[in-house]
Amino acid sequence: MEIIETLNNKIDKLIHDYDKLRLENLALQQELDSIKNENDELIRNNQDMFLRIDSTLTLIKARNSE
């Protein structure tokens, strides 16, 4: 009977540890999604900045060639 109680206690601890790790994993996945969204926004901003720089350089070259 004592062995069964010991095994049940170990199983309960494993279940508790599993639930804790599952919640931690969920939190990390949400943080990763947030970081991915932030990264995507930064990429878009960089692309916009490159387009503005390119447009400005093109305009300067056009004015200098006149």
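Are any of the residues in the range 2-13 open to solvent by 90 Å² or more (accessible area, probe 1.4 Å) and within 32 Å of the chain's Cα centre (by Cα)? Looking through the range 2-13, at least one residue is open to solvent by 90 Å² or more (accessible area, probe 1.4 Å) and within 32 Å of the chain's Cα centre (by Cα).
A quick yes/no check of all residues on (1) surrounded by 10 or more Cβ atoms within 10 Å (Cβ to Cβ); (2) of a type in the set (F, W, Y); (3) within 14 Å of the chain's Cα centre (by Cα); (4) at pLDDT 95 or above:
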residue	(1), (2), (3), (4)
D17	yes, no, no, yes
L21	yes, no, no, yes
L26	yes, no, yes, yes
I35	yes, no, yes, yes
L42	yes, no, yes, yes
D54	yes, no, no, yes
A62	no, no, no, no
S65	no, no, no, no
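The values are calculated or read from the model by the stated rules, or taken from the named source; none is laboratory data. Please read these numbers as outputs of a predicted model, since none were measured by experiment. Neighbour counts run over all protein chains shown; Cβ positions are idealised from the backbone, glycine included. Please note that ligands, DNA and RNA were not included when accessible areas were found on the heavy atoms of the full protein model with its side chains. Shrake-Rupley method; radii C 1.70, N 1.55, O 1.52, S 1.80 Å.
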